[in-house]
1. What FRET efficiency, computed as 1/(1 + (r/R0)^6) with R0 = 22 Å and r the Cβ-Cβ distance, is obtained for M79 and C13, rounded to the nearest 0.05?
2. Once fully extended, how much extra length lies between S113 and L142, figured as 0.36 nm per residue of separation less the alpha-carbon to alpha-carbon distance?
3. Could you calculate the contour length gain from L91 to V29, that is, 0.36 nm times the residue separation minus the distance between their Cα atoms, to one decimal place in nm?
4. Got a number for carbon plus sulfur as a percent of the range 48-153's accessible area, 1.4 Å probe?
5. I need the calculated FRET efficiency for the pair T20 and S132, taking r as the beta carbon distance and R₀ as 25 Å, to the nearest 0.05.
6. Over the range 53-153, average the accessible area per residue using a 1.4 Å probe and give it in Å², no decimals.
7. Extending each Cα 7 Å along its Cβ direction at I122 and Q62, get the distance between those two points in nm, one decimal.
8. For the peptides 81-93, 111-123, what is the packing order when you average, over each peptide's residues, the other Cβ atoms within 10 Å and list the highest mean first?
Amino acid sequence: MKSISLDSTNAICGALFVATGAFFAYQSVGLDLGTALRMGPGYFPFILGCALILLGAIIFIQALRVEGEPIDPFAWRGMLFILPAPVFFGLTVRGLGFAPALFFTAFIACFASRKMNVVYAIILSLLLTIFSVAVFSYGLGLPFERFGPWVRF
């Protein structure tokens, strides 16, 4: 008899997917589901929750069949730079405006990678800002200030 091997990384991932999907499916049952042709406000979250449960179950079952690598150490550097970046954007977009807030947000997030240096971070942030302003401000015509009251020219 062959012993069951467990890929702990995929097992944890599958279990988290199932738990998250079950939470959202359970929460959406309290809303009106409607039908497939006349969807209510709870229909889409319920379907997405069920899809997440299904994908999580597939990942978890696959984790029982394949032996995987151990879980790597936690990436603290990524957490310290990626998580504060959107918070910074949200807190400064009204004061700085869209372009400077986006530039600094991208600049902060760049340093989540150990391979990034200051010159490449500035270039990447500048290109992302130019592209985003061109698409959202000029292309789509969204009504937001490119430069806020803190940085008036």
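The values are calculated or read from the model by the stated rules, or taken from the named source; none is laboratory data. Just so you know, these numbers come straight off a predicted model, no measurement behind them. Reconstructed Cβ throughout: ideal geometry from the backbone, glycine too, with neighbour counts over all protein chains shown. Protein only, heavy atoms only, side chains kept; ligands, DNA and RNA dropped before computing areas. Shrake-Rupley method; radii C 1.70, N 1.55, O 1.52, S 1.80 Å.
1. On the way: r = 17 Å, r/R0 = 0.79.
After rounding, the FRET efficiency stands at 0.80.
2. Working: separation 29, 0.36 × 29 = 10.44 nm, distance 3.16 nm.
Full-extension gain reported as 7.3 nm.
3. Working: separation 62, 0.36 × 62 = 22.32 nm, distance 3.43 nm.
Working it through step by step, the gained length comes to 18.9 nm.
4. Working: 5680 of 7600 Å².
C and S fraction of accessible area: 75 percent.
5. 0.25
6. Numbers: 7360 Å² over 101 residues.
It amounts to 73 Å² per residue over the range 53-153.
7. Label-label distance for I122 and Q62, simple model: 4.3 nm.
8. Numbers: 81-93: 14.7, 111-123: 12.1.
So the peptides 81-93, 111-123, ranked by packing, come out 81-93, 111-123.
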